[in-house]
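See structure below.
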Amino acid sequence: MNPRGDHRGTIHVESAAVLANDGHGGDQYVMRLKAPHSAAGARPGSFVHLRCDPSLPMRRPMSIMRADAKAGWIDLLYKAHGHGTRLLAGRRAGDSVNLIGPIGNGFRLGDYRKRPLLIGGGVGIPPMVFLAEHLKRGRAEVAPLVLMGSELPFPFTLRPSRILVEGMPEGVIATMPLIDDWGIACRLSSRSGFPGCFDGLVTDLARHWLASLPESGLREVEIFCCGPTPMLRAVAALAAAFGVPCQVSVEEYMACAVGGCAGCAVPVRTPSGPAMKRVCVDGPVFEAADVFPA
């Protein structure tokens, strides 16, 4: 995928077969789709624009949580909270879902630091799972830490981590089993009282960990983040306070998702001054300081 440019020839319309649509607590679902074109071009931070039902002309943007280019499938995590996603929740294996993808410029991964800090909140969790899976196949010296926050039940069974993370508050040991099995450290936060989770916002947990690092350790950290806008703003401020680089995947309402309507444009700082950038194709990933300047 072109790192910050023309998407012509990289976005496909495809009719994807539903392989599974598994329900989890909090009306959350993980849908696996046979979507070879999207799977082949997907990168951490990219998404698809999906038609929930033939009766609904408007599509929904959904971040890709996992992709297997060889097997040709992608995973999507979504919450059934509106008419469209509730119809989507009723899809069964063998059904067909029309989508456009993969869309968007994902996270810049060519020269990241050796201690990536991945922060995902709510619907911002899927890109962090995708990025973690990418990192596990990368440089051997890289030691990522994944922090996830949710007030809903997490869409997986919590278990105590087998990986020690220095600088964590006492008793914060719950992890996502899949990421833990990849050998990547992961910790969870919630204000809903889930066992083993940090009692507070994921940004507070990130601050606690960053504050535990010496100056030499902070020079090895880079933040990657996705979640609601208030959380992104807080993470951008956190990155500025600790002097670490930060990339954010911005959430925004989208109509076309291919750059035609410009309805998702947001102000972004550029070398030539402020400019309106389309989240769908210019993003969704931007440098945090460019979207949320101090």
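Residues being in contact with a Lys or Arg (Cβ under 7 Å, 6 or more places away or on another chain) and over 26 Å from L152 (Cβ atoms) are represented in region 64-82 by at least one member. Pairs, please: C-beta under 6 Å, at least 6 apart or cross-chain, first residue free of Cβ contacts under 8 Å to residues at least 24 places away in the same chain and in region 108-135, second outside any helix (DSSP H, G or I) and surrounded by 24 or more Cβ atoms within 10 Å (Cβ to Cβ)? Listed pairs, sorted by first residue: none to list.
Rundown of residues vs (1) in contact (Cβ under 8 Å) with a residue 24 or more places away in the chain; (2) small (G, A, S); (3) exposed (fewer than 13 other Cβ atoms within 10 Å of the Cβ); (4) under 15 Å from G149 (Cβ atoms), yes/no style:
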| position | (1), (2), (3), (4) |
| --- | --- |
| S216 | no, yes, yes, no |
| G227 | yes, yes, no, yes |
| M231 | yes, no, no, yes |
| L238 | yes, no, no, yes |
| P245 | yes, no, no, no |
| Y253 | no, no, yes, no |
| C256 | yes, no, no, no |
| C261 | no, no, no, no |
| A265 | no, yes, no, no |
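Inspection of region 35-55 finds no residue satisfying the criterion of being of a type in the set (D, E, K, R) and in a strand (DSSP E or B). Could you please let me know if G110 is more than 19 Å from P127 (Cβ to Cβ), surrounded by fewer than 17 Cβ atoms within 10 Å (Cβ to Cβ), outside the structural domain of V221 (by TED's automatic domain parsing) and not basic (K, R)? So G110 fails the test.
The values are calculated or read from the model by the stated rules, or taken from the named source; none is laboratory data. The structure presented is a predicted model; accordingly, all values stated were derived computationally and were not measured. Every residue, glycine among them, receives a Cβ derived from its backbone with ideal geometry; neighbour counts consider all protein chains shown.
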